[in-house]
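Report on one structure; see the data block that follows.
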Amino acid sequence: MGVWCRVQALQGRNITTYGDGSQTRSFCYVDDLIDGMLWMMSTTANVTGPINIGNPSEFTIRELAELVIELTASNSKLDFQPLTSDDPRQRQDESHPRLGAEDPAARRAGEDHHLLR
């Protein structure tokens, strides 16, 4: 989860959102990343890289910020700021098919879990 928006929501501050929030991202849980790295280390020599480890599901920054507001029961609003010139409009990983990557947990369940930490 975006740390910046979780902190702002928990403090009751408006959540900084660049552009209109339509730029997309693909997030990966750290435990899934570690599982992928362990899998790669245990493969035979015929598995070569590079191998992208990530989540093929993408969602918008606005969706992430709105989910954080909902899950924190915050009164925060989105504070739209100009989009920076170096911010990519889309960033999505393509997980290696041999890794068997899929979205292992529903986004909401995963965010609930991470909010409680």
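As a proxy for reagent exposure, R25, R6 were ordered by neighbouring Cβ count within 10 angstrom, fewest first; the result is R25, R6. Among F59, F27, a tally of other beta-carbon atoms within 10 Å of each Cβ gives an order, fewest to most, of F59, F27. Take the Cβ atoms of A73 and M40, set R0 to 30 Å, and the FRET efficiency comes out at 0.15. Taking amide hydrogens as placed 1.01 Å from N in the peptide plane, the amide H of D79 sits under 5 Å from those of I15, T16, T17, each at least 5 positions away in sequence or on another chain.
Pairs of Cα atoms nearer than 8 Å and 6+ residues apart set the relative contact order; for the range 1-70 it is 50 percent.
Mind sorting T24, T43 by how few other Cβ atoms lie within 10 Å of their own Cβ, fewest first?
Fewest to most other Cβ atoms nearby, the residues stand as T43, T24.
Each value in this text was obtained by applying a stated rule to the coordinates, not by laboratory testing. On a predicted model such as this, the values are computed, not experimentally measured, just so you know. All Cβ positions, glycine included, derive from the backbone under ideal geometry; neighbour counts span all protein chains shown.
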